[in-house]
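Let me begin by presenting the structure, written as structure tokens, before commenting on it.
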Amino acid sequence: MLNLILFGPPGSGKGTQSEGLIKKYQLQHLSTGDILRSEIANQTALGLEAKKFMDKGILVPDEVVIGMIGSKIDACMAQDVAGFIFDGFPRTIPQAEALDRLMSFKNIPLNKVLSLEVSEQELVKRLLERGTTSGRADDQNEEIIRQRVVEYRIKTEPVAGFYDKQKKLVRIKGEGTVDEIFTSLCKAIDSL
Ligand code: AP5
């Protein structure tokens, strides 16, 4: 199995690059943001609870997200997948520890953590631009976008150090054209 984490701040291009990578490497995309938005669209209890946090640009509590991703992995494993791309997960140290436990319990490897490096100025510009058409409440104003970046700096950035210690972290320049960044990601994956 090939299992990857696509890591990086909001707007760094995780979702955009996942699209190409899942096609090229035949992987299953697991985006906690997409799963949560689908729970909101279906008005489930989990979705309604998560919405309160997401609309403010704050992370959803760990226990909610960890339980949710665990069920998704189980459902995918039943279908004999070639591997996973985790997008937007893990976002805290407890989430990273939970994923390690889950993977080791299932006896599957975590091969690489690909971290997209983008300046804050570029992140804010991309998300404000997307906010004009995305309909996402958390893309609508600069204050909420900056709050998402603050959450990232405080709670998520330490996760990079967690994987650096495991020698799994690869930093990739996340500015440039989508194709240029895709090529850098593929190079890092193919070097495995
Ligand atoms: P989530 O949906 O994961 O959003 P995010 O990480 O905040 O960021 P985005 O999806 O907006 O960015 P991205 O890096 O995927 O970039 P994209 O490719 O879309 O999370 C939303 C919320 O859910 C969180 O705030 C939190 O509340 C909750 N949540 C989710 N996971 C959680 C977890 N694990 N724990 C707790 N809470 C969780 O690109 C962005 C824009 O840039 C697009 O318009 C794109 O077209 C453009 N773009 C992409 N690449 C380029 C490029 N090279 N040049 C120019 N523009 C580009």
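Computed from the coordinates by the stated procedures, all read-outs in this text should not be read as laboratory data. From a predicted model like this one, the values you see are computed outputs, not experimental measurements. All Cβ positions, even for glycine, are placed from backbone atoms using ideal geometry, and neighbour counts span all protein chains on display.
Tell me, which residue of the range 124-140 that is touching a helix residue (DSSP H, G or I) at 6+ places or on another chain (Cβ under 6 Å) and among the aliphatic types (A, V, I, L, M) is surrounded by the fewest Cβ atoms within 10 Å (Cβ to Cβ)?
Start the filter on the range 124-140 by keeping residues that are touching a helix residue (DSSP H, G or I) at 6+ places or on another chain (Cβ under 6 Å), which leaves 124, 127, 130-131, 138-140.
Restricting the remaining residues to those that are among the aliphatic types (A, V, I, L, M) gives 124, 127.
On the way: Val124: 17, Leu127: 23.
The extreme case among them is Val124.
Determine which member of the set Gly88, Gly67, Gly83 is without any contact (Cβ under 8 Å) to a residue 12 or more places away in the chain, among the small types (Gly, Ala, Ser) and either within 14 Å of the ligand (Cβ to nearest atom) or at positive phi (or both).
Gly67
Does Val60 fit the bill of being under 24 Å from Ala78 (Cβ atoms), more than 13 Å from the chain's Cα centre (by Cα) and within 12 Å of the ligand (Cβ to nearest atom)?
The answer is no for Val60.
Just one of Val118, Val149 is in contact (Cβ under 8 Å) with a residue 40 or more places away in the chain, within 13 Å of the ligand (Cβ to nearest atom) and out of contact with any Leu (no Cβ under 9 Å at 6 or more places or on another chain); which is it?
Val118
Consider Ile40 against the criteria (1) under 25 Å from Asn111 (Cα atoms); (2) within 11 Å of the ligand (Cβ to nearest atom); (3) over 14 Å from the mean Cα position of the chain (by Cα): it satisfies all of them except one. Which criterion is unmet?
Ile40 satisfies all of (1) under 25 Å from Asn111 (Cα atoms); (2) within 11 Å of the ligand (Cβ to nearest atom); (3) over 14 Å from the mean Cα position of the chain (by Cα) except (1).
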